[in-house]
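Derivation of every value follows stated rules applied to the coordinates shown; laboratory data play no part. What you see is a predicted model, and the numbers here were worked out from it, not measured in a lab. FYI the Cβ positions are ideal-geometry reconstructions off the backbone, even for glycines, and counts take in every protein chain you see.
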Amino acid sequence: MSSKLRDENERLVAEQPVLLYREVVQAMHAAPHGQGLATMEAAVLPGGQALVREILRRAVNTHPEVQKRGSARGRAPAEKSPPSSGRPPKR
């Protein structure tokens, strides 16, 4: 797999982890003594979630079929749940 970025979406997605890393390092340096890890986690979680949402948004926007919101090609039936007693069903 080539490491070259193919388009603007890839460039923007590739920049985001670096920016998030910088925020986490800044939070670490500003953290009170003994609170470094907790402060870093508090900095990375919202940014990490936003990064995942942004990646998903950009990926979805590159696929025209997703945008149509038409019916699915086939059905995906749900599995039957086991009985609550944990025993196999009677046949």
> Rounded to the nearest whole Å³, what is the per residue volume of the convex hull around the Cα atoms of segment 8-63?
Replying inline: 51
> Quick one: if you stick a label point 7 Å off each Cα along the C-beta vector at Glu79 and Leu5, how many nm between them?
Replying inline: 4.1
